[in-house]
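In what follows, a structure is listed as structure tokens, so that the remarks can point back to it.
All of the numbers you see were taken from the coordinates with simple rules; none came from a lab. The structure presented is a predicted model; accordingly, all values stated were derived computationally and were not measured.
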Amino acid sequence: MKKLFLAVLIVLAAQGAKARDYTAGEIVVLGPAVRAMLPGAKVGGGYLAIRNSGGEADVLVSVSSDRARSVQLHEMSVNGGIMVMREAKQGLELPPGETVELKPGGYHLMFMDIDKPFKEGEQIRATLTFQKAGSVDVEFAVGSAFGSIGAAKAQQGDMKGMDMSHMDMGDDAQQTIPARLKAMFETPEKPLTVNPVVVQGDWAIAGWLQDGRGGRALLKNSPHGWSVYLCSGDGITEANALEKIGVSAADASALSSALKAAEAKLDTKTLQLFSSFEGTVLMEQSTGDAGHGGHEGHAQ
């Protein structure tokens, strides 16, 4: 697993983002990296590995960066079959002689309230502070927005990430997309509303509301049926953003226009909930065999 994680960071370096290692006392910070962000995104995820070469435990206490208003350590865990993310205010314990990975689906860093979205090839400066080893300045290498990052595949639930490529959505996307999303994510305590659904070629965008939260899901059709490609807020409403994701110019323009026309019929509160989803969640297998998803956003 560790070898895979380091191999991914090497791939990022080959793509123009040069990840490197840093040392503070007995602590070694291995290849910190982030993904490039979509236009309008305000939240970015940070991933790295930390090796404690000493004989005593240490704790990652805090992280700061001049590119974000704050940087938080987040933990993802399963609660009642739903993947829940919360801030780990107690810090991250680093056992002696072990390497701890911060990766999609587990512990990771969240760069909050970013004014200037990260661009591929950049280096994002940050300071990591440890309880015993002290502080060390590092640079997070910015890789592709949709490439692999981290050692493990993201495993997320609720409306925050799930591989749905195995589901047969059928021919009528207007009916099958909402039905399948409800079947996968709805619970008696948390009903899911899916509306509108707009389709253009092999791409679709569905708006969703659940438990006082909301967002938009971008879906892609394949021989296996419709699968969720990513979840976002306002980041997938414009044609230029859809083109950067991989939608053709013609389909991106048509999809964006159809979405705006459909959402023009909705009330202001619903649109605000759609917009409240900050950042981007890249879903499992959304980049095919080349990449895996990770938690990159929040529905506030």
| remark: Computed ³J(HN,Hα) along the stretch 135-142: with the Karplus parameters 6.51/-1.76/1.60, θ = phi - 60°, integer Hz and x for glycine or proline, the list is 9, 9, 7, 9, 10, 8, 6, 8
| note | Applied in sequence order to the stretch 27-37, the curve 6.51 cos²θ - 1.76 cosθ + 1.60 (Karplus, θ = phi - 60°) yields integer Hz couplings, x standing for Gly and Pro, of 9, 10, 9, 9, x, x, 8, 9, 8, 4, 9
| task | With a ≥ b ≥ c taken as the square roots of the eigenvalues of the C-alpha gyration tensor of the stretch 164-281, please select rounded if a/c is under 1.5 and otherwise prolate if a/b is larger than b/c or oblate if it is not? | result | oblate
| said: Can you work out the Karplus-derived ³J(HN,Hα) for every residue in the stretch 208-220? Use 6.51 cos²θ - 1.76 cosθ + 1.60 with θ = phi - 60°, whole Hz, and x for glycine or proline. | reply: 9, 10, 7, 6, x, 10, x, x, 10, 10, 9, 10, 10
| query | Which of the residue pairs Lys119/Lys190; Lys103/Lys260; Lys42/Lys89; Lys119/Lys269; Lys119/Lys260 have a Cα-Cα distance greater than 29 Å in the structure shown? | reply | Lys119/Lys190; Lys103/Lys260; Lys119/Lys269
